[in-house]
1. May I ask you to list pairs of residues, at least six apart or on different chains, whose Cβ atoms are under 6 Å apart, with the first in the range 96-112 being touching a residue at least 40 places away in the same chain (Cβ under 8 Å) and the second being surrounded by 15 or more Cβ atoms within 10 Å (Cβ to Cβ) and aromatic (F, W, Y)?
2. Of the residues that sit in the range 34-86 and are polar (S, T, N, Q) and surrounded by 13 or more Cβ atoms within 10 Å (Cβ to Cβ), which one is nearest to G134 (Cα to Cα)?
3. How many residues are surrounded by 13 or more Cβ atoms within 10 Å (Cβ to Cβ) and either of a type in the set (S, T, Y) or not in a helix (DSSP H, G or I) (or both) when one looks only at the range 108-156?
4. Among the residues of the range 8-39, write down those that are at pLDDT below 95, β-branched (V, I, T) and not in a loop (DSSP other than H, G, I, E, B).
5. Would you point out which residue out of I96, I65, I86 is under 24 Å from P18 (Cα atoms) and not assigned by TED's automatic domain parsing to the domain that holds G7?
6. Identify, from the list I65, I86, the residue that is modelled with pLDDT of 95 or more, closer than 21 Å to L165 by Cβ, assigned to a strand (DSSP E or B) and touching a Leu at 6+ places or on another chain (Cβ under 8 Å).
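The values are calculated or read from the model by the stated rules, or taken from the named source; none is laboratory data. Note that the structure is predicted; figures quoted are calculated from it, not measured. With ideal geometry, Cβ positions are generated from the backbone for all residues, glycine too; neighbour counts draw on all protein chains shown.
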Amino acid sequence: MEHVTEGSWESLPVPLHPQVLGALRELGFPYMTPVQSATIPLFMRNKDVAAEAVTGSGKTLAFVIPILEILLRREEKLKKSQVGAIIITPTRELAIQIDEVLSHFTKHFPEFSQILWIGGRNPGEDVEKFKQQGGNIIVATPGRLEDMFRRKAEGLDLASCVRSLDVLVLDEADRLLDMGFEARRRKWRTW
């Protein structure tokens with residue numbers, strides 16, 4: 001695939017945090033892709049953003065970078081158990097990929113914790129991990145996220161933890177809707 005550039009990261013209307021820029025350099029991304037240059041400025045102004053782009057176009061960074069920037073700019077910093085962002089994706093494989101990309105950035109920000117919630121893992125261990133280390137940024141599949149909302153008896157009151165939510169990302173939203181996500185979302189609002 002030909003590398004298409006849309007400008008340097010420094011050309012954004014709102015400057016990126018120096019450590020975000022450093023992580024981008026480490027990853028070898030000196031320039032934004034078209035989807036990034038179109039969406040990041042809107043996202044960082046707290047606008048709702050919908051983007052459709054081919055695989056490999058940089059969509060993941062188009063939401064990971066604004067998530068970090070929005071959380072870094074919060075007036076009141078997040079406590080360990082407060083959730084600032086949730087990224088919901090339809091498959092375990094996509095969730096793992098997003099979690100890996102996100103970890104390249106969060107390693108520069110020890111004030112943020114991230115957690116991956118996917119099927120095929122022990123949900124009790126996920127609850128304990130969240131209680132011990134928190135999860136300011138959650139990457140999850142819909143089924144596991146719904147399961148975590150139901151774990152109040154195990155000491156996880158996720159409904160209270162998400163009151164601090166600033167960003168909700170629906171990655172592959174068309175696939176999520178095909179999977180019945182809208183009905184699940186309505187149910188979550190009652191928790």
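1. Close Cβ pairs (under 6 Å, with a partner that is surrounded by 15 or more Cβ atoms within 10 Å (Cβ to Cβ) and aromatic (F, W, Y)) do not exist here.
2. S81
3. The number of residues fulfilling the criteria is 21.
4. Result: V35, T39.
5. On the way: I96 fails: under 24 Å from P18 (Cα atoms); I65 fails: not assigned by TED's automatic domain parsing to the domain that holds G7.
I86 is the lone residue from the list that is under 24 Å from P18 (Cα atoms) and not assigned by TED's automatic domain parsing to the domain that holds G7.
6. Working: I65 fails: assigned to a strand (DSSP E or B).
Every option except I86 fails the conditions.
Per-residue answers, yes or no, for (1) under 20 Å from E172 (Cβ atoms); (2) touching a residue at least 40 places away in the same chain (Cβ under 8 Å):
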residue	(1), (2)
Q19	no, yes
E26	no, yes
P41	no, no
A53	yes, no
